[in-house]
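The values are calculated or read from the model by the stated rules, or taken from the named source; none is laboratory data. From a predicted model like this one, the values you see are computed outputs, not experimental measurements. With ideal geometry, Cβ positions are generated from the backbone for all residues, glycine too; neighbour counts draw on all protein chains shown. The area values use the complete protein model at the heavy-atom level, side chains included, leaving out ligands, DNA and RNA. Shrake-Rupley method; radii C 1.70, N 1.55, O 1.52, S 1.80 Å.
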Amino acid sequence: MASESATQQAEKRKNQGMNGNLSIGRFGGVEVRLNWSLLAVVALIVWSLADGVFPSQNPGLSDNTYLGMAVVASLLFLASILLHELGHSWVARREGIEVDSITLWLFGGVAQLKGRFRSPGAEFRVAVSGPLISIGLGVLFMLIAVAGPPTEVDGVAAWLGYINLILAVFNLLPASPLDGGRVLHAALWRAKRDYAWATRVASEIGQGFGYLFIALGLAMFVFQGSFSRAWLAFIGWFLLQGARAEARYVATEQALSGLRVRDLMVRHPVTVNADSTIGRFMDDVAGSHRFTTYPVLEGDRPVGLLAFASVAAVPRSDWDTRRVRETMIPLEEVTLLTEDETAVDALEELSAPTGNRGLVVDDGNLAGLLSITDIARALEVGRSPARGPSPRPT
Ligand SMILES: [Zn+2]
């Protein structure tokens, strides 16, 4: 179906290169991406291992050996984070949650899950699966180190054992959006049977941890002059942002609950023919209906979006020769929505930098037009707190 292939194209484009993420392939059906920030982290880890950790723990080896050990250790560390995230994703799948992708970045990994947990139990199982894998890996590497292998292997295995256990402990802090915060959320949800309340409380505790980490990081920096502890402040900032976003997301989700694209879209938008000239468009369409965007049709198939702003940029002398097709945003670059999609999902898609309005397409035919302002209007009408649309950060 045309609509499907167009949607897939849009999906593909989204996966490539956005936000500096590089797709490295699929593992067990989940797309894995690397964020550029990871390069800096890997370089930092290699440097601190080769220059400090390995020479002091396993003395007597050559500099090149330390460097080789450091490279192997940091690659296996990345693989460990990946396995942690894949653990979340695979369990999420089993619980009926769609997994978009996994992005590895500065502070580990983020598995993008779509949809809601069916029960507190499901949320709990998904949340603990990652740390359980980290603990398993930590124990495995520790056992390898204890078995008395050659000193090169011993150094790498001991560090990997240690770092995986640290990773598990850190992630189990009850600080939303960390895994432990989700465990806490699941427990609160089960206790009171109120999802939104659980999210508010978990988010407040998460923000508390965020402030605490920032304060600790800054204190260590100020009183000990320790740059190496300043990363605590960065983690705190990350927690703070994540916890706030989660609370906002739930507020938005509540305000839009039950609404679908079909409830908010403009049903019979004024359309333009791809082959008509800009002059014709100005005379026939723009003169009587002044909108900011017009769906462009070829026959009755949508092929793009015409923004009035780009028409205005065409010099008047070109109006009779330039066609709508050459001026429009082609379909591959337009956000495509379906009538059945929830308003929350649509909001997320329309918040992408590629455009704040999308075509609603049904079986390849134009069904309507939806802009982020249409959704914002619904948010204002609803009894939501007085704030604009605030999508979950991705
Ligand atoms: Zn995790």
Simple label model, 7 Å out from Cα along Cβ direction - Glu332 to Val169, nm: 5.1 nm
Virtual spin-label span in nm between Ala219 and Ser257, 7 Å along Cα→Cβ: 3.9 nm
Cα convex hull volume per residue for the chain (Å³): 185 Å³
Given charges at Cβ of Lys, Arg, Asp, Glu: the chain dipole, positive-most of Gly217, Gly138, Thr271: Gly217
Under the Debye formula (equal points on every Cα, no solvent term), log10 I(q)/I(0) of region 18-84 at q = 0.14 Å⁻¹: -0.51
Rounded percent of accessible protein surface that carbon and sulfur make up, the chain, 1.4 Å probe: 60 percent
Rounded to 10°, Cα long-axis angle of helix 120-146 versus longest principal axis of the chain: 40 degrees
Accessible area (Å², per residue) of the chain, counting only protein heavy atoms and a probe of 1.4 Å: 51 Å²
0 to 90° range, to nearest 10: angle between helix 231-255 axis and the chain longest Cα axis: 40 degrees
Projected label distance in nm at Gln57 and Ser310, using a 7 Å step from Cα toward the beta-carbon: 5.5 nm
